[in-house]
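The values are calculated or read from the model by the stated rules, or taken from the named source; none is laboratory data. Quick caveat: nothing in here was measured; it's all calculated off a predicted structure. Here the Cβ positions follow ideal geometry from the backbone for every residue, glycine too, while neighbour counts run over all protein chains shown.
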């Protein structure tokens, strides 16, 4: 199985699992954090599956991981401060639209 396919599958599974939780709770609190975590998941999987631990690749992995964590923390704090994200107000109750949006956000990270 190709590396890109495995990463794609992991991202889709992560976003689908989070979608099920978010749809059941009718919340969008997990969306942006999951988006940031998707980048971290891609970086971790890519770094350890290639098994090339050169200095430049280690540095790149650390930079992507730190950026992903910073993005997730920023997005989470924004949701805590602002409350509901108005981008999701109209699509949250509609199963297909909400699912499509979350899957698209996950695929952006690949």
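Computed values, structure above
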{"quantity": "Failed condition for residue 65, given (1) under 23 Å from residue 25 (Cβ atoms); (2) more than 11 Å from the chain's Cα centre (by Cα); (3) modelled with pLDDT of 85 or more", "calculated": "(1)"}
{"quantity": "The lone exception for residue 51 - which of (1) over 19 Å from residue 80 (Cα atoms); (2) touching a residue at least 60 places away in the same chain (Cβ under 8 Å) it fails", "calculated": "(2)"}
